[in-house]
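Provided herewith is a single structure, encoded as structure tokens, for subsequent inquiry.
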Amino acid sequence: MAKTKKTRYKTTSLYVTISMGFILFLLLIFGMAIIQLDRIAGEQKEKIEVDIFFRDNAKLAKMNQIEKEISLDYRVNSTTYIPKEKAVEFMAEGMGEDFLEEFIGGNPLYNSINLTLKKEYAQLDSVELFEQNILEKYEDFVGEISYSKAQFQVMNDSLYKGLWYALGFSSILLIIAIILINNTIRLAIFSKRFLIRTMQFVGAKSSFIKKPFLINSIIQGITSALIAIILYILLSLVLENYSPIIGELVFKPENLNSNLIIFGIITAIGVLVSFSSTVFSINKYLKLSQDKLYKQ
């Protein structure tokens with residue numbers, strides 16, 4: 001009989017571990033989706049261009065100096081000096097040779113700096129502040145700064161909307177995960193409630209009774225997280241055959257740190273939920289009266 005109960009507990013414990021593994025796997029997918037969404041959005045934000053146009057009185061040496069100073073600005077990601085002769089060529093490529101024929105007598109364009117901002121500052125209020133700083137600092141040499149306000153606004157709105165949706169789904173999933181894991185662990189400890197009571201009768205301290213359950217809960221949390229991580233990697237390997245982008249997101253060396261961070265978070269969630277649910281459940285049975293013990 002005791003052997004049957006022990007086998008039943010091990011089976012229930014295995015069921016808890018596997019169930020937690022699949023739940024953490026779903027959380028891992030959503031967590032990775034949030035990180036990759038933020039990374040991709042950041043890359044796109046750093047591609048939005050800002051053009052700084054010089055006045056006609058700005059000399060080449062001064063323009064080169066200004067470009068160097070701007071390139072060292074903590075908000076700037078990259079800079080490229082574009083002389084007006086090169087700008088005409090770019091315009092001709094886009095609008096055809098007829099564009100050049102209209103301005104044979106002179107060049108209507110200005111020397112400029114084409115730049116992109118770091119993703120942290122590629123938002124409308126930061127760009128407007130950057131524009132104000134540049135115009136004030138180089139007012140004698142810079143005539144105009146041009147950029148698409150709508151592009152910056154749409155990019156940030158889309159990013160925040162996507163992140164809020166992902167965070168919302170992840171939060172709901174996390175709540176469901178906690179409830180399911182808690183109920184499953186309670187079921188596992190329920191099968192050991194008489195053993196807990198027997199240990200109390202022979203004078204075992206609460207800390208002694210709790211210890212094996214708590215150690216098991218930590219092992220369950222870590223094992224469940226490993227199951228989730230392995231499933232995620234296997235799924236990524238399979239999907240990589242259909243879309244190389246998946247492989248770049250998961251296995252690219254640049255993404256190693258973010259992947260390790262989310263793996264660590266998932267492991268912490270698994271251990272924390274398993275440990276806290278075990279503590280809550282075992283405390284309940286330690287305080288349960290004899291009558292209620294048989295009514296459970």
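Tell me, which residue of the stretch 46-75 that is among the aromatic types (Phe, Trp, Tyr) and within 15 Å of Asn114 (Cα to Cα) is surrounded by the most Cβ atoms within 10 Å (Cβ to Cβ)?
If we take residues in the stretch 46-75 being among the aromatic types (Phe, Trp, Tyr) and within 15 Å of Asn114 (Cα to Cα), then Phe54 is surrounded by the most Cβ atoms within 10 Å (Cβ to Cβ).
So, Ile145, is that one more than 30 Å from Met20 (Cβ to Cβ) and outside any helix (DSSP H, G or I) or not?
Criteria met by Ile145.
Shifting gears a bit: Would you mention how many residues in the stretch 257-292 are exposed (fewer than 14 other Cβ atoms within 10 Å of the Cβ) and modelled with pLDDT under 75?
5
Consider Ala225 carefully, then state whether it is modelled with pLDDT under 85 and within 19 Å of Ser13 (Cβ to Cβ).
For Ala225, the condition - modelled with pLDDT under 85 and within 19 Å of Ser13 (Cβ to Cβ) - is not met.
Conditions tested, residue by residue: (1) outside any helix (DSSP H, G or I); (2) modelled with pLDDT of 85 or more; (3) on the phi < 0 side of the Ramachandran plot.
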{"residue": "Ile34", "(1), (2), (3)": "no, no, yes"}
{"residue": "Asp51", "(1), (2), (3)": "yes, yes, yes"}
{"residue": "Thr80", "(1), (2), (3)": "yes, yes, yes"}
{"residue": "Asn107", "(1), (2), (3)": "yes, no, yes"}
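Yes or no, residue by residue, for (1) surrounded by 11 or more Cβ atoms within 10 Å (Cβ to Cβ); (2) under 16 Å from the mean Cα position of the chain (by Cα); (3) of a type outside the set (Gly, Ala, Ser):
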position	(1), (2), (3)
Leu135	yes, no, yes
Tyr138	yes, no, yes
Glu144	yes, no, yes
Lys149	no, no, yes
Gly162	yes, yes, no
Ala166	yes, yes, no
Ile172	yes, no, yes
Ile176	yes, no, yes
Ile179	yes, no, yes
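The values are calculated or read from the model by the stated rules, or taken from the named source; none is laboratory data. Just so it is clear, the model here is predicted, and its values are computed rather than measured. Please note: Cβ atoms are built from the backbone with ideal geometry, for glycine as well, and neighbour counts cover all protein chains shown.
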